[in-house]
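Okay, so here's the structure we're looking at.
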Amino acid sequence: MNDDNGLRLNTQLLVAVFCPSCQFTFVPGSNTRQCPQCGARCDEDTGGTQIAARQDACQTDVPRASKLTELDQLIGQRIDRYQCNALLGAGAMGRVYLARHVDLHRNCALKILPPELVQSDAAYVERFADEGRAAAALIHPNIVTVHAIGEERGYHFLEMEFVAGQSLRKLVESDGPQDPVRATSLILRVAEGLAAAHMAGILHRDLKPDNVMLTHLGVPKITDFGLAKRVVLEPSAGAHVEVVGTPPFMAPELFQQHEATPASDVYALGICYFYLLTGKLPYSAPVLSELIHQVTHDPLPSIRRKFPQIPLEMSECVQQMLSKTAANRPQSAIEASQLLAAVLGETEDLDQLMQSAFAHQSGVKWVREGERYRVNLQFHDGRRQLVLVEPSDHAAAERALRISSVCCPALSVYFEPALRLNSEILHGALAIAEIDGEAKFLMVDNYPRATVDPEEIRRSVLEVAHRADAIEKLLTGLDLN
């Protein structure tokens, strides 16, 4: 049958809308065309583009309104051996609940299929089971583990590892573009997880920042392996074309009806890298057809033109991963991870170093502020000290890690004892710096950024803090910092 816009629909196709504001594809409710991701109105007047999408695949914030009440009633209820306690998220593949495994007494993420999809497409359940088993075969630190698959009372579910953190998209939305080293380190870990899938012969098909979760220790984990969305585009002249994925993350060849390959997964990985470095997607357009034209024809926007602090080797790595010709990209995530590792060199992500340094250190709390870290220490005698950990402003290969703590005001009466103390310090130095318009004594230690390890950071932070506090107490008798 045909609708008023000439889209050819059948019992397995329905109208979906492409949001020009955030590039999201969703199935609108009966009374609204508001994008569930950004809230924008997506009708023809505002540039919303209708496409046809498989009922089992389109990215939608919630299942059809008629099934919302039924699914919401699962909160507080038990399905099989799982107690559903809260809703974590919703999409075309169903709803994800925070659940409790009543036998093992552990939290998990329980993905439940929308009942209407089960009823409308019998083959969908079998496909869901096959993809769930494939995902369960992937055991890797950077992949969300699938523990079980099952069905009870008509609810088909997938039990997954619960990651108590945020997605890469939420990270960028809250913190903005990431430091180049941190962005590269995160993408390298994602690439390593993706490489494990490629070695097992499994494609992701829908890699994007929403599908990468960060643990509370900052470890990225890929989710939704093999459960990519299938979207059916309806060209104005010609037969419908089925593609799999999310349009802004899809490789050019996928829009030309080529099969998905590991190289198309690498392209999506490159888009994620671009997004982490810049906070934006390389291509966006008010209508889907224009986005497809940009992806397939327009040159990649220059990263360094707007972000000159991004090292040239990282910019070139992004360009290689986002080549419009699949043969010019790394041919799998295995090659991509090798490329990213070479770009990163020996430099580890500072967030990971800080996590490792202080994971089991009592009396220490730290928080990241842009590129620097504020470390608050409380000693056994109740005194406190603040230490700053920050990379220098040199080029990436020459950067040092500066660890410092203010002692007290640099008054002339303190100069002689301070000079004597400085001669007795084995590591670091007592220096004078102007801070907020006032000269201060501070303890400083430096390490090469490329080779510093967690133990060096932990030891140096503790030593700098103790020495700064001791000098402060000796010179002033107070606890100022």
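The figures follow:
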read-out: Residue in segment 466-479 that is touching a residue at least 24 places away in the same chain (Cβ under 8 Å), closer than 16 Å to ALA410 by Cβ, in a loop (DSSP other than H, G, I, E, B) and of a type outside the set (D, E, K, R) present; value: yes
read-out: Given (1) in contact (Cβ under 8 Å) with a residue 60 or more places away in the chain; (2) surrounded by 14 or more Cβ atoms within 10 Å (Cβ to Cβ), number of the condition SER323 does not satisfy; value: (1)
read-out: Condition met for VAL343 (β-branched (Val, Ile, Thr), in a helix (DSSP H, G or I) and touching an Asp or Glu at 6+ places or on another chain (Cβ under 7 Å)); value: yes
read-out: Odd one out for ASP381 among (1) outside any helix (DSSP H, G or I); (2) charged (D, E, K, R); (3) touching a strand residue (DSSP E or B) at 6+ places or on another chain (Cβ under 8 Å); value: (3)
read-out: Unique residue being surrounded by fewer than 17 Cβ atoms within 10 Å (Cβ to Cβ) and modelled with pLDDT under 90 when the list is GLU316, GLU369, GLU348; value: GLU369
read-out: Close pairs from segment 351-366: first in contact (Cβ under 8 Å) with a residue 24 or more places away in the chain and of a type outside the set (S, T, N, Q), partner surrounded by 16 or more Cβ atoms within 10 Å (Cβ to Cβ) and assigned to a loop (DSSP other than H, G, I, E, B), Cβ under 8 Å, at least 6 apart; value: ASP351/GLY218; LEU353/VAL452
read-out: Which listed residue, of ASP210, ASP206, ASP130, is surrounded by fewer than 22 Cβ atoms within 10 Å (Cβ to Cβ) and touching a Lys or Arg at 6+ places or on another chain (Cβ under 8 Å); value: ASP210
read-out: Restricting segment 133-146 to residues that are surrounded by 17 or more Cβ atoms within 10 Å (Cβ to Cβ) and out of contact with any helix residue (DSSP H, G or I) (no Cβ under 7 Å at 6 or more places or on another chain), the residue that is farthest from ASP103 (Cα to Cα); value: ALA134
read-out: Check on GLY165, closer than 24 Å to GLU371 by Cα, surrounded by fewer than 21 Cβ atoms within 10 Å (Cβ to Cβ) and in contact with a strand residue (DSSP E or B) (Cβ under 6 Å, 6 or more places away or on another chain); value: yes
read-out: Total residues in segment 162-186, condition part of a loop (DSSP other than H, G, I, E, B), touching a residue at least 60 places away in the same chain (Cβ under 8 Å) and farther than 15 Å from ASN142 by Cβ; value: 5
read-out: Criterion: of a type in the set (Asp, Glu), modelled with pLDDT of 85 or more, loosely packed, with under 15 Cβ neighbours inside 10 Å and not in a strand (DSSP E or B) - qualifying residue of GLU455, GLU424; value: GLU455
read-out: Test: residue in segment 173-188 that is more than 26 Å from PRO308 (Cβ to Cβ), crowded, with 17+ Cβ neighbours inside 10 Å and at pLDDT 90 or above; value: no
read-out: Of all residues making up segment 271-307, the number that are crowded, with 16+ Cβ neighbours inside 10 Å, within 20 Å of the chain's Cα centre (by Cα) and without any contact (Cβ under 8 Å) to a residue 60 or more places away in the chain; value: 4
read-out: Search result, residues across segment 299-316 that are farther than 17 Å from ARG329 by Cα and among the charged types (D, E, K, R); value: ARG304, ARG305, LYS306
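The values are calculated or read from the model by the stated rules, or taken from the named source; none is laboratory data. Just so it is clear, the structure is predicted and the values come from calculations on it, not from any experiment. Neighbour counts are summed over all protein chains in view; Cβ atoms, including those assigned to glycine, are modelled from backbone coordinates with ideal geometry.
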